[in-house]
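Colleague: Mind looking over this structure? Questions follow.
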Amino acid sequence: MKPFDLEKAKAGHPVCTAGGEPVRIVCFDKTSRQNCPIIGLVKLYDDAEKCIFYSEEGWENGDKNSRFNLRMASEKHTRYAIIDLDLSPMKLVGPTLFTTVEDARTYAKGYPIATVTWEE
(Lines give C-alpha, C1' and ligand atoms only; values in the text may rest on other atoms or scores of the structure.)
Protein backbone atom coordinates (compact mmCIF):
# COMPACT_ATOMS: atom_id res chain seq x y z
CA MET A 1 0.00 0.00 0.00
CA LYS A 2 1.11 3.51 -0.76
CA PRO A 3 0.29 6.71 1.15
CA PHE A 4 -3.07 8.27 0.37
CA ASP A 5 -2.98 10.59 -2.65
CA LEU A 6 -6.05 12.82 -2.87
CA GLU A 7 -5.61 13.64 -6.56
CA LYS A 8 -5.21 9.97 -7.55
CA ALA A 9 -8.25 9.05 -5.46
CA LYS A 10 -10.27 11.77 -7.20
CA ALA A 11 -9.10 10.34 -10.54
CA GLY A 12 -10.57 6.98 -9.56
CA HIS A 13 -7.55 5.00 -8.37
CA PRO A 14 -8.50 2.28 -5.86
CA VAL A 15 -8.37 3.16 -2.17
CA CYS A 16 -8.22 0.95 0.94
CA THR A 17 -7.72 1.36 4.68
CA ALA A 18 -4.43 0.95 6.51
CA GLY A 19 -5.90 -2.41 7.59
CA GLY A 20 -6.43 -3.45 3.96
CA GLU A 21 -10.23 -3.14 3.71
CA PRO A 22 -11.53 -1.79 0.38
CA VAL A 23 -13.00 1.74 0.51
CA ARG A 24 -15.58 3.21 -1.82
CA ILE A 25 -15.32 7.01 -1.88
CA VAL A 26 -18.78 8.59 -2.02
CA CYS A 27 -17.72 12.25 -2.16
CA PHE A 28 -14.76 14.58 -1.65
CA ASP A 29 -16.60 17.80 -0.81
CA LYS A 30 -18.82 17.24 2.24
CA THR A 31 -19.31 20.39 4.31
CA SER A 32 -17.62 19.71 7.63
CA ARG A 33 -16.71 21.70 10.75
CA GLN A 34 -14.09 19.04 11.56
CA ASN A 35 -12.37 19.50 8.17
CA CYS A 36 -13.34 15.99 7.04
CA PRO A 37 -14.81 16.50 3.55
CA ILE A 38 -14.32 12.92 2.29
CA ILE A 39 -17.02 10.30 2.82
CA GLY A 40 -15.81 6.74 2.44
CA LEU A 41 -17.68 3.46 2.74
CA VAL A 42 -15.38 0.79 4.19
CA LYS A 43 -16.28 -2.78 3.26
CA LEU A 44 -16.22 -4.75 6.51
CA TYR A 45 -18.19 -7.81 5.39
CA ASP A 46 -19.73 -9.01 2.12
CA ASP A 47 -23.02 -7.39 3.12
CA ALA A 48 -21.91 -4.45 5.30
CA GLU A 49 -20.11 -1.13 4.85
CA LYS A 50 -19.11 1.38 7.52
CA CYS A 51 -19.49 5.10 6.70
CA ILE A 52 -16.40 7.09 7.73
CA PHE A 53 -15.55 10.78 7.37
CA TYR A 54 -11.97 11.56 6.33
CA SER A 55 -9.71 14.60 6.21
CA GLU A 56 -8.06 15.52 2.90
CA GLU A 57 -4.97 13.72 4.22
CA GLY A 58 -7.02 10.52 4.43
CA TRP A 59 -7.23 10.41 8.23
CA GLU A 60 -10.38 9.00 9.83
CA ASN A 61 -12.06 11.95 11.57
CA GLY A 62 -8.65 13.64 11.61
CA ASP A 63 -6.99 10.79 13.61
CA LYS A 64 -3.46 10.17 12.26
CA ASN A 65 -3.23 6.71 13.88
CA SER A 66 -6.50 4.99 12.92
CA ARG A 67 -6.43 1.58 11.22
CA PHE A 68 -9.22 2.96 9.02
CA ASN A 69 -7.01 5.73 7.57
CA LEU A 70 -6.90 5.79 3.79
CA ARG A 71 -4.12 4.33 1.66
CA MET A 72 -3.79 3.83 -2.07
CA ALA A 73 -4.61 0.21 -2.82
CA SER A 74 -2.16 -1.87 -4.77
CA GLU A 75 -3.10 -2.18 -8.41
CA LYS A 76 -2.63 -5.55 -10.08
CA HIS A 77 -1.27 -5.57 -13.62
CA THR A 78 -1.14 -8.43 -16.12
CA ARG A 79 0.69 -8.38 -19.43
CA TYR A 80 1.74 -11.04 -21.91
CA ALA A 81 5.18 -11.62 -23.41
CA ILE A 82 6.37 -13.74 -26.30
CA ILE A 83 9.41 -15.77 -25.28
CA ASP A 84 12.06 -17.87 -27.03
CA LEU A 85 12.80 -20.94 -24.92
CA ASP A 86 15.67 -22.04 -27.19
CA LEU A 87 17.87 -19.15 -26.11
CA SER A 88 19.95 -19.36 -22.96
CA PRO A 89 19.12 -17.38 -20.97
CA MET A 90 15.53 -17.27 -22.15
CA LYS A 91 14.76 -14.04 -24.05
CA LEU A 92 11.69 -12.04 -24.94
CA VAL A 93 10.81 -12.01 -28.62
CA GLY A 94 10.25 -8.36 -29.44
CA PRO A 95 10.30 -5.40 -27.09
CA THR A 96 6.60 -5.43 -26.19
CA LEU A 97 4.48 -6.60 -23.31
CA PHE A 98 0.97 -7.06 -24.69
CA THR A 99 -2.15 -6.01 -22.78
CA THR A 100 -4.22 -8.98 -24.02
CA VAL A 101 -3.26 -12.58 -24.68
CA GLU A 102 -5.05 -12.29 -28.03
CA ASP A 103 -2.70 -9.49 -29.11
CA ALA A 104 0.30 -11.58 -28.06
CA ARG A 105 -0.99 -14.59 -30.03
CA THR A 106 -1.31 -12.42 -33.14
CA TYR A 107 2.46 -11.76 -33.07
CA ALA A 108 3.68 -15.01 -31.47
CA LYS A 109 4.21 -17.00 -34.71
CA GLY A 110 4.62 -20.26 -32.80
CA TYR A 111 6.60 -18.89 -29.86
CA PRO A 112 5.19 -19.54 -26.38
CA ILE A 113 3.48 -16.75 -24.45
CA ALA A 114 4.29 -16.01 -20.80
CA THR A 115 1.99 -14.21 -18.39
CA VAL A 116 3.68 -11.42 -16.44
CA THR A 117 1.91 -10.08 -13.33
CA TRP A 118 2.88 -7.47 -10.74
CA GLU A 119 1.41 -5.10 -8.19
CA GLU A 120 2.17 -1.40 -7.70
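Colleague: Considering 102, 56, 75, 119, which residue is among the charged types (D, E, K, R), loosely packed, with under 12 Cβ neighbours inside 10 Å and either touching a Gly at 6+ places or on another chain (Cβ under 6 Å) or over 20 Å from residue 20 (Cβ atoms) (or both)?
Modeller: Only one candidate passes the filter, namely 102.
Colleague: Output the strands (runs of 3 or more DSSP E) that fall wholly within the stretch 1-99 and possess 3 or more residues being without any contact (Cβ under 8 Å) to a residue 60 or more places away in the chain, farther than 30 Å from residue 111 by Cβ and not β-branched (Val, Ile, Thr), or say none.
Modeller: Ranges flagged: 22-27, 38-45, 48-54.
Colleague: Out of the residues in the stretch 78-94 meeting the condition of being touching a helix residue (DSSP H, G or I) at 6+ places or on another chain (Cβ under 9 Å) and modelled with pLDDT under 75, tell me which one is surrounded by the fewest Cβ atoms within 10 Å (Cβ to Cβ).
Modeller: 94
The values are calculated or read from the model by the stated rules, or taken from the named source; none is laboratory data. Only a predicted model underlies this, so the values are computations on that prediction, with no experimental measurement involved. Please note: Cβ atoms are built from the backbone with ideal geometry, for glycine as well, and neighbour counts cover all protein chains shown.
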